[in-house]
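Down below is the structure, laid out as structure tokens.
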């Protein structure tokens, strides 16, 4: 039994050393696994934040580009309206200048209201379009 006791003691010593080593290795593996898990969670959270921010930026850019396109279209419409108003204003200025001319007023009165000078006789000649319309009816 003496030999057996020595072997048991040696086995216990060896097994106790192995147990401590195994426990330390297991603890280290658990720490590494926990560290990897925390790292993975941090990366996942960061990825979710990045995806959210990129989605928000994309959405904002899309809505801003649509708003910009609508405003450019309104601007073009306003420019066209401005050009039309400027053209009408030029025409009115030209007409004002003509109406300040006595010769133009006389011509206009003779043409539109069939006014005549003394001794003149005015003959109204129908236009060609009127003749074509009369013959069709």
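The values are calculated or read from the model by the stated rules, or taken from the named source; none is laboratory data. Since this is a predicted model, take the numbers as computed values, not measurements. Cβ: placed from backbone, ideal geometry, glycine included. Neighbour counts: every protein chain shown.
A few comments on the model shown:
- Among the candidates 43, 92, residue that is assigned to a helix (DSSP H, G or I), modelled with pLDDT of 95 or more and under 30 Å from residue 107 (Cβ atoms): 92
Residue-by-condition table, conditions (1) over 22 Å from the mean Cα position of the chain (by Cα); (2) surrounded by 10 or more Cβ atoms within 10 Å (Cβ to Cβ); (3) touching a residue at least 60 places away in the same chain (Cβ under 8 Å):
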| position | (1), (2), (3) |
| --- | --- |
| 37 | yes, yes, no |
| 52 | no, yes, no |
| 82 | yes, yes, no |
| 98 | yes, yes, no |
| 107 | yes, yes, no |
| 120 | yes, no, no |
| 128 | yes, no, no |
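- Top-ranked residue of the range 105-119 - restricted to ones that are part of a loop (DSSP other than H, G, I, E, B) and out of contact with any helix residue (DSSP H, G or I) (no Cβ under 9 Å at 6 or more places or on another chain), ranked as modelled with the lowest pLDDT: 114
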